[in-house]
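S.K.: First the structure, then my questions, so here it is.
The values are calculated or read from the model by the stated rules, or taken from the named source; none is laboratory data. Since the model is a prediction, treat every value here as computed from it, not as a measurement. Ideal geometry is used to build each Cβ from the backbone, glycine not excepted, and the neighbour counts take in all protein chains shown.
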Amino acid sequence: MKTYVKFGALAAVIIGVLAWLAVGGVNESKSYYKTIAEVNTMGDQVHGKRLRVSGYVVPGTIVRSGREVRFKIHEEALTMNVVYTGTEPLPDTFKDESQALADGRMGADGVFQANKIQAKCASKYEAKPRAASQAGM
């Protein structure tokens, strides 16, 4: 009977540890998509939460300094300072006026600390004029 109790206790410990790791991994990888306006209205609640913020890169604000890249994104009249310190190189489509999606956390200084950047250029995803005119024939 003691063997069954020991085996049951060991199985319970293993299952408990696996459940704890699963919950911790889900909470760490969870991020909320917010607009710049929504981030500004969150107040102090924004600190410590993992967020994804989208906007267009303000022309002339991209400054590279070693592995750090600083830039601003805008949405209508609102702007946000972003610092990217990720390990992956920035996408080729990341340039002035491109749409960027920054994934990271808001710093206490009000600067968004991004560890991942996705960018897209609108012209890359639009249909070519010639192809569009032929499709209408």
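S.K.: Looking at the range 22-38, is at least one residue at pLDDT below 85, loosely packed, with under 11 Cβ neighbours inside 10 Å, farther than 20 Å from residue 118 by Cα and among the basic types (Lys, Arg)?
M.R.: Checked against the condition, which is being at pLDDT below 85, loosely packed, with under 11 Cβ neighbours inside 10 Å, farther than 20 Å from residue 118 by Cα and among the basic types (Lys, Arg), the range 22-38 yields no hits at all.
S.K.: Continuing with this model, one more query. Are any of the residues in the range 77-89 closer than 21 Å to residue 119 by Cβ, in a strand (DSSP E or B) and of a type in the set (D, E, K, R)?
M.R.: No: zero hits.
S.K.: Now a separate question. With the requirement that a residue be surrounded by 13 or more Cβ atoms within 10 Å (Cβ to Cβ) and under 15 Å from the mean Cα position of the chain (by Cα), what does the range 83-95 give you?
M.R.: 83, 84, 85, 86, 90, 91, 94
S.K.: Right, next: Is it fair to say residue 126 is of a type in the set (D, E, K, R), under 10 Å from residue 55 (Cβ atoms) and modelled with pLDDT under 90?
M.R.: Spelling it out, it is not the case that residue 126 is of a type in the set (D, E, K, R), under 10 Å from residue 55 (Cβ atoms) and modelled with pLDDT under 90.
S.K.: Before we move on, is residue 80 in contact with a Phe, Trp or Tyr (Cβ under 9 Å, 6 or more places away or on another chain), under 19 Å from residue 38 (Cβ atoms), surrounded by 14 or more Cβ atoms within 10 Å (Cβ to Cβ) and touching a residue at least 60 places away in the same chain (Cβ under 8 Å)?
M.R.: In short, no.
S.K.: Another question about this same structure. Give me the pairs, please: first residue somewhere in the range 33-45 and touching a residue at least 40 places away in the same chain (Cβ under 8 Å), second residue anywhere and part of a strand (DSSP E or B) and among the small types (Gly, Ala, Ser), beta-carbon distance under 9 Å, and either six or more positions apart or on two chains.
M.R.: 35/54; 35/55; 36/54; 36/55
S.K.: List every residue pair whose Cβ atoms sit under 9 Å apart, with the two residues 6 or more apart in sequence or on different chains, where the first one lies in the range 100-116 and is more than 13 Å from residue 33 (Cα to Cα) and the second, anywhere, is of a type in the set (Lys, Arg) and surrounded by 15 or more Cβ atoms within 10 Å (Cβ to Cβ).
M.R.: Matching pairs, first to second residue: 111/70; 112/105; 113/105; 114/105; 115/105; 116/52.
S.K.: Output the number of the condition that residue 3 fails; it satisfies all remaining conditions of (1) exposed (fewer than 10 other Cβ atoms within 10 Å of the Cβ); (2) within 15 Å of the chain's Cα centre (by Cα); (3) part of a helix (DSSP H, G or I).
M.R.: The single condition residue 3 does not satisfy is (2).
S.K.: Taking residue 40 as meeting all but one of (1) in contact with a His (Cβ under 8 Å, 6 or more places away or on another chain); (2) in a helix (DSSP H, G or I); (3) not aliphatic (A, V, I, L, M), write down the number of the exception.
M.R.: Result: residue 40 passes all but (1).
S.K.: A further question on this structure: Scan the range 43-77 for residues that are loosely packed, with under 15 Cβ neighbours inside 10 Å and of a type in the set (A, V, I, L, M) and jot them down.
M.R.: Within the range 43-77, 63, 77 meet the criteria.
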